[in-house]
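Below is one structure, written out as structure tokens, with a few remarks after it.
The values are calculated or read from the model by the stated rules, or taken from the named source; none is laboratory data. Because the structure is a prediction, the values reported are computed rather than measured. Please note: Cβ atoms are built from the backbone with ideal geometry, for glycine as well, and neighbour counts cover all protein chains shown. These area figures cover heavy atoms from the full protein model, side chains too; ligands, DNA and RNA do not enter into them. Shrake-Rupley method; radii C 1.70, N 1.55, O 1.52, S 1.80 Å.
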Amino acid sequence: MSLTTKESEVRYEKGDYSIIGSRRPYVDAIDKVTGRTVYVTDISLPGMLHGRALRSPHPHARILNIDTSAAEKLPGVKCVLTGKNVRQKKWGPVTKDEYLLAIDKVNFVGDEVAAVAAVDEETCEEALSLIKVEYEPLPAVLSMYDAMKEGAPQIHGEFPGNVNHHFHIPRGDIETVFKNAYFVHEGQYEASLEYQAYIEPMGGVSVWDNRGNVTIYAGIQTPTWSRNDYAVALDVPVEKVRIVQPPFGGGFGAKLSQQVHPLGALIARHAKQPVRFCLDRVEDFQCGLPRVPMHFKLKTAWDKDGKYLAKKVDILADQGAYASYGAAITLTAMYRIDIMYQVPIVHSEAHLVYTNKVPTGCFRGFGNSQKHFAHESHLDEVAEHLGMEPDALRLRNIAVPGYMNPHGWKANSVEIEACIKTGMARSDFHEKRKKFFSFNKTESKIKKGIGMAPCVHVSGNRSFIKPFEGGAVLLRMNEQGKVFVYCNEPDMGQGIRTTLTMCVADALKLDFDHITVPDPDTDIVPFGLGCFASRGTYMATGAMHMAVNDMKTKLIKIASQILELPEEDLTLENGAVVSLSDPSKKVGYPEIAWKHVCDYPGQHMLGIGHFTPAGVEYPDEKKYNNISGGYAFGCHVAEVEVNTETGQVKVNEMWGIHDVGQPINELALEGQIQGGLAQGYGWALMEHLRYGTDGKIINACFLDYQVPTAADIPKINAELVDSFEWTTGFGAKSIGECCFIGIAPALQNAIYNAIGVRFYELPITAEKILAALREKNGL
Amino acid sequence: MQHKELRFKVNGQEQQVFVRTNWSLAQVLRDKLGLLGTKIGCGEGECGACTVLMNGKSVTSCLVMAVQAEGAEIVTIEGLANGDTLHPVQEAFVEAGAIQCGYCTPGMVLSTVALLEKHPKPTEEEIREGLTGNLCRCTGYQKIFEAVRLAAEKIARGAGR
């Protein structure tokens, strides 16, 4: 097997698995269910102080003066920091545009102006109340539609017109196609600001040593990768920053590089003591990194049989006050979906603008969810115009294995047809459409509908580091024969710890009790990018496949010496190396491990694995080249009832059918699919982080920003279709984001099917439905 | 700031601690008694992560003032298992795959214990109603519902303690 990225002829075969593909509770579930798991916000270090930040009450204002003298005198306060009295550099994962503490100007309500360290949270609060800040309020940009207007207030001097990025990716002569096509359809769609609402707010605990090294215990998805950003923010060399990632209470994308960790570290540096800096829920609403709102103008061309000829999209995206990952998210919205359909001519253009609102960032789907909402609503409209069933239009155009799209992306395993057909069959889609058509003609105030949307996402996206893509696993067998797994694809509840444990158990025939996956620590784990872009399962199990084979070879070699049998006669079984010809001859791993430690004095046996996705290359200046080795597919279906008197939507049932390649842990996969669909339900029907005209969020608490509860979520059916991704050892693709992406448009299409009204803005609330029905009925 | 002596029983043990009168029960459990299994997700009684049992009823401990717990019997997640034997509800949550990030789990488990005390054979409606105060952002609740049904069966069969 070749390891070069250009090689796309890699072809792994499905193995004879005993544990992979079964249903396993999480290996850390018992600690979690007994309250023994120590989360980030539970961590307490000797001598630890607490940190809090003073935040701007203005969306846009100049800082004239900050008086911290009273706060400094308060007993229990260790230090008070402002942008004027600390050394700092602008930082940011893509654009370096943000200070840890504002210097001259604040750019959104929640922007950090000052910070304190004190003996407890209450003293911090009191100290903050004693800091006097004089502001000169400035006109603010509160809507992305105003950002580029002439005369709009300028947020960052170096970005005229408030445009952070402008992208244009044209492929082919689109105007000719539009001129000659049988049918051209246009539509506009808007995806709203949605908050991740993980149950543990953002936070970390930082401690410095005398040599200027900082350790941050952080709720973070990307420990090694974010170290680079945090080093810039703290103006220290990256090797001085160590991140330990303890268990944390959910991320969904928000917990990549965050202001909270380097700011906490900055406070600790000045306090000269460990500092716990965790957000409260209101702050987390105010300055977490919610989903990038986007407006789409879509124009598509079709022949009379429903063949998809061309697609043009124009996007306006709102990254709020600071850029975070806005550029990469916007790019994803422009073209990620182009690997699901065979469309020869695709043009996309986007403007990513600053506004004086919360910085927006990564959230499950990374722009692709926004695009799916627009595109899959649009395709339902097209199907209706062409007189085709919604699934038939999609099936007419879907990608097939080996498909190379206009961006140079190549699909390997593709089971989207099976996903769509299974989704249709399980939900009884066509039969229900007929039944509901008749039912909806009756006088009933209830109208019924069913809708679908297919979906695609990557398993890792090669767009971040030019010379690097892939993953690594390091296995270490200690002298008792216990295996430790070091990997930089962290667990945030999605279950990668269990996935890796299952792979080791399956390949090395070892029981779970002898396998441990420690919390990632950047001083120990191999380099890796971390948990985003649905990288984890695909990358980590790919590397794991090589690591277990490495360890297996070493086990057999030493066992051959102990047993005095040829290596070809040996196999692994139940924690031992066993003779194939005479199964009574065997030696257990503890004995082998001890011999290794004695033969190579003190050295533990290592299993080393790395993984490079075949046929994946860094995009060129025209954004051309394949970005992922494992495109994951799905189909989501939703069945609804709309009460035409109240506008309320009752969702009866949802289906998520997915192609994840070889399933590793079916129990966890079902959990991901059900959780993804439920989160998408919230985005589609309930959730919207709303701003008042004063530039403040008006629903910054769970009472006003309602996420789905146990009472809301209907039955969710999860199913996997038969698949194997041959570019990775265990055949597994990732699920994390794909399972979120299709359900919002499926719900939109179901509501349209019920009442004949389409909604071009999320969320689709009862109020909007009622207003639309009144308008439709001329009331 | 006023201080007061608080006497109450936590997980079967008598406790006597000095607390500030403005402290919540959650703060005392976490900061004074080291019972970190009681999580704080919002501090406003909206997310349910801090749910504990107070005199047999589920309460959001971030909204209960510590001094209100005078003389009360509190059960936190740490007090639910019987030695190494998990409570049937805990066992069911593990087996059903009802735990992902796990931050809502202690509160969700204790709400389930309270729910099953009230409705030993809960209907779908009663399960949903009983857990509506506990937010979970990972699971979509499906496997939690399965866990509740499984726990009800286990308790009916007399499993666990």
Helix-only CD estimate at 222 nm, as mean residue ellipticity for the protein assembly as shown, using -39500 (n - 2.57) per DSSP H run (n ≥ 4): -8500 deg cm²/dmol
Chymotrypsin sites (Phe, Trp or Tyr not before Pro) restricted to segment A:133-224 and DSSP loop, no more than 15 other C-beta within 10 Å: A:TYR182
Computed label-point distance, nm, for sites B:LYS57 and A:SER44 using a 7 Å Cα→Cβ extension: 3.0 nm
Point-to-point label distance, B:MET65-A:GLU568, nm (Cα→Cβ direction, 7 Å offset): 8.3 nm
A:GLU479 versus B:GLU124: modelled label distance in nm, points set 7 Å from Cα along the beta carbon direction: 5.9 nm
Cα gyration tensor, segment A:308-453 - rounded (a/c under 1.5), prolate or oblate: oblate
Length-normalised contact order for chain A - Cα pairs under 8 Å, 6+ apart - percent: 17 percent
Residues in segment B:74-99 that, when all protein chains are in place, have 40 Å² or more less accessible area than the chain alone would give (probe 1.4 Å): B:LEU86, B:VAL94, B:ILE99
Nearest-ten-degree value, helix B:142-156 long axis tilted from longest Cα axis of chain B: 90 degrees
Shielded by partner chains, segment A:31-48 residues - at least 10 Å² of accessible area, 1.4 Å probe, vs chain alone: A:LYS32, A:VAL33, A:THR34, A:GLY35, A:ARG36, A:TYR39, A:THR41, A:ASP42
Charge dipole magnitude, Cβ of K and R +1, D and E -1 - segment B:1-92, Cα centre, debye nearest 20: 260 debye
Diffusion constant of segment A:538-621 at 37 °C, which comes from Stokes-Einstein with the Kirkwood Cα-pair radius and 0.692 mPa s, µm²/s: 228 µm²/s
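Mind running the shape call on segment A:352-413? Use the C-alpha gyration tensor, a ≥ b ≥ c as the square roots of the eigenvalues: rounded below 1.5 for a/c, prolate if a/b tops b/c, oblate otherwise.
Values: a/c = 3.04, a/b = 1.46, b/c = 2.09.
Since a/c reaches 1.5 but b/c is at least a/b, the shape of segment A:352-413 is classed as oblate.
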Gap separating the Cα centres of segment A:24-64 and segment A:185-230, nearest whole Å: 12 Å
Cut-off under 5 Å, modelled amide H: who pairs with A:GLY361 long-range: A:ARG291, A:VAL292
5 angstrom amide H check on A:ALA114, placed H, neighbours 5+ away: A:LEU54
Kirkwood-type radius of segment B:3-79, with distances r between different C-alpha atoms, in Å: 11.9 Å
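Let me have the relative contact order for segment B:3-79, percent, based on Cα pairs under 8 Å that are six or more residues apart.
39 percent
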Total charge dipole magnitude, segment A:251-309, about the Cα centre, Cβ charges on Lys, Arg, Asp, Glu only, Debye to nearest 20: 120 debye
Cleavage-rule hits (GluC sites (Glu not before Pro)) in segment A:584-688: DSSP loop, at most 11 neighbouring Cβ within 10 angstrom: A:GLU621, A:GLU645
Kirkwood Rh (inverse of mean 1/r, distinct Cα pairs), segment A:404-555, angstrom: 19.1 Å
With every protein chain in place, the protein assembly as shown: carbon and sulfur % of accessible area (1.4 Å): 50 percent
Length added when fully stretched, A:GLN603-A:LEU580, from 0.36 nm per residue minus Cα-Cα: 5.4 nm
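Among the trypsin sites (Lys or Arg not before Pro) within segment A:123-204, which fall in a DSSP loop and have no more than 14 other Cβ atoms within 10 Å of their own Cβ? The partial results should precede the final answer.
Details: sites: A:LYS132, A:LYS149, A:ARG171, A:LYS179; in loops: A:LYS149.
Sparse-neighbourhood loop trypsin sites (Lys or Arg not before Pro): A:LYS149.
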About the Cα centre, charge dipole magnitude for chain A (Lys/Arg +1, Asp/Glu -1 at Cβ), debye: 800 debye
Tensor-based shape of chain A (alpha-carbon gyration tensor, a/c under 1.5 rounded, otherwise prolate or oblate): oblate
Solvent-accessible heavy-atom area per residue, rounded to whole Å², over the protein assembly as shown at 1.4 Å: 36 Å²
Calculated from backbone phi, Karplus (6.51, -1.76, 1.60) coupling profile of segment A:583-595 in Hz, x at Gly/Pro: x, 6, 8, 7, 9, x, 4, x, 5, 5, 5, 5, 4
Positions from segment A:667-683 whose accessible area shrinks by 20 Å² or more when the full protein complex is built, not the chain alone, probe 1.4 Å: A:LEU667, A:GLY671, A:GLN674, A:GLY675, A:GLN679
Interface size A-B, as summed buried accessible area [1.4 Å probe, Å², nearest 100]: 3800 Å²
Solvent exposure ordering (accessible area, 1.4 Å, most first) of A:LEU234, A:LEU779: A:LEU779, A:LEU234
Once the Cα gyration tensor of segment A:89-182 is diagonalised, semi-axes √(5λ) in Å: 43, 16, 13
